[in-house]
Amino acid sequence: MVKLTGLKKIKTAVFISGNGSNLKNLIKFSKKKNSPISIDLIFSNTSKAKGLRFSNQFNIRKYVSSFKNYKTAEVKILNLLNKESIKFICLAGFMKILSKNFIKKFSGKIVNIHPSLLPKYKGLDTHIKAIQNKDKVAGCTVHFVTAKLDSGKIILQKEVKISKKDTYTSLAKKVLRQEHKLYPAAIKKVFN
Ligand code: GAR
């Protein structure tokens, strides 16, 4: 567990690949007095990520590097994280897999939000799988990131009921609403 030292907020980077609704939500949370983190860097593996717009809106430094050569990309990111004294990383819809080496450098200091009730449905297409399997509940999980995909220690989970009318899209929306509550709660738990 990461311990909060003094009254200073922990400098945090958020890694995204897409819309960034979790990023926006985390930025808003980080501005609250009771947030243990401040968000000081946004990283994306693609310049197409819509969430990058929150960099300008909230005046947070952004950095984009494709993961085509992940080794080069990770070295560049690690240098920047060091330079900016980043101590904690939140993955929020980041669709690349970080290397063992990268994770080791930030051991116990990377968390991820995943749109399923882990250990069920690791990886992609979680909502499609839940609907196809006629599950009655879906949900989301915040967990520590380890070298094994979506398998690190679970911090918090939230269940969401699946109704007969739910489609992949409606379920994704329902789960995302809960993600926005779960992620800040999980971060508070990490630092308490
Ligand atoms: C969220 O549902 C998140 O849980 C999921 O991508 C979405 C990103 O939404 N993450 C993963 O699937 C990671 N494997 P956002 O860009 O609006 O935060």
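Being at pLDDT 95 or above and either away from the ligand (no atom under 16 Å from the Cβ) or assigned to a strand (DSSP E or B) (or both) is the requirement here; does ILE42 meet it?
Against the criterion (at pLDDT 95 or above and either away from the ligand (no atom under 16 Å from the Cβ) or assigned to a strand (DSSP E or B) (or both)), ILE42 qualifies.
Given the condition more than 16 Å from the ligand (Cβ to nearest atom), in contact with a helix residue (DSSP H, G or I) (Cβ under 6 Å, 6 or more places away or on another chain) and either open to solvent by 10 Å² or more (accessible area, probe 1.4 Å) or part of a loop (DSSP other than H, G, I, E, B) (or both), answer yes or no: does some residue in the range 82-94 qualify?
Step one: list which residues in the range 82-94 are more than 16 Å from the ligand (Cβ to nearest atom), which gives 82-88.
Applying the additional criterion that residues be in contact with a helix residue (DSSP H, G or I) (Cβ under 6 Å, 6 or more places away or on another chain) yields none.
No, the range 82-94 has no match at all.
Has the range 177-184 got any residue that is over 23 Å from MET95 (Cβ atoms) and either more than 14 Å from the ligand (Cβ to nearest atom) or not charged (D, E, K, R) (or both)? So that I can check it myself, show each step before the final result.
Of the residues in the range 177-184, the ones over 23 Å from MET95 (Cβ atoms) are none.
Among the residues of the range 177-184, not one is over 23 Å from MET95 (Cβ atoms) and either more than 14 Å from the ligand (Cβ to nearest atom) or not charged (D, E, K, R) (or both), which makes the answer no.
Report, by residue number, each residue of the range 100-132 that is free of Cβ contacts under 8 Å to residues at least 40 places away in the same chain, part of a loop (DSSP other than H, G, I, E, B) and either over 25 Å from HIS180 (Cβ atoms) or within 12 Å of the ligand (Cβ to nearest atom) (or both).
Selection gives SER107, SER116, LEU118, TYR121, LYS122, GLY123, LEU124, ASP125.
Suppose the filter is in a strand (DSSP E or B) and within 12 Å of the ligand (Cβ to nearest atom); does LYS158 pass it?
For LYS158, the condition - in a strand (DSSP E or B) and within 12 Å of the ligand (Cβ to nearest atom) - is met.
Considering every residue within the range 103-114, establish whether at least one is open to solvent by less than 80 Å² (accessible area, probe 1.4 Å) and over 16 Å from the mean Cα position of the chain (by Cα).
No, the conditions are met nowhere in the range 103-114.
Report yes if ILE97 is aliphatic (A, V, I, L, M) and open to solvent by less than 30 Å² (accessible area, probe 1.4 Å), otherwise no.
Criteria not met by ILE97.
Out of the range 45-70, which residues are away from the ligand (no atom under 16 Å from the Cβ) and either over 24 Å from PHE102 (Cα atoms) or in a strand (DSSP E or B) (or both)?
ASN56, ASN59, ARG61, TYR63
Does at least one position in the range 116-137 carry a residue that is more than 30 Å from VAL64 (Cβ to Cβ), under 16 Å from the mean Cα position of the chain (by Cα), modelled with pLDDT of 95 or more and of a type outside the set (A, V, I, L, M)?
Step one: of the range 116-137, the residues more than 30 Å from VAL64 (Cβ to Cβ) are 117, 119-120, 129-137.
With the extra rule that they be under 16 Å from the mean Cα position of the chain (by Cα), the set shrinks to 117.
From what is left, the residues that are modelled with pLDDT of 95 or more are 117.
Then keep just the ones that are of a type outside the set (A, V, I, L, M); that gives none.
There is no residue in the range 116-137 that is more than 30 Å from VAL64 (Cβ to Cβ), under 16 Å from the mean Cα position of the chain (by Cα), modelled with pLDDT of 95 or more and of a type outside the set (A, V, I, L, M).
Any idea how many residues of the range 14-39 are in contact (Cβ under 8 Å) with a residue 40 or more places away in the chain and within 11 Å of the ligand (Cβ to nearest atom)?
Of the residues in that region, 12 qualify.
What single numbered condition from (1) open to solvent by 20 Å² or more (accessible area, probe 1.4 Å); (2) without any contact (Cβ under 8 Å) to a residue 24 or more places away in the chain; (3) within 19 Å of ASN22 (Cβ to Cβ) fails to hold for LYS50?
Looking at each condition in turn, LYS50 falls short on (2).
The values are calculated or read from the model by the stated rules, or taken from the named source; none is laboratory data. Just so we're clear, the structure is a prediction, and the values are computed from it rather than from any experiment. Backbone-built Cβ (ideal geometry, glycine too); neighbour counts: all protein chains shown. Please note that ligands, DNA and RNA were not included when accessible areas were found on the heavy atoms of the full protein model with its side chains. Shrake-Rupley method; radii C 1.70, N 1.55, O 1.52, S 1.80 Å.
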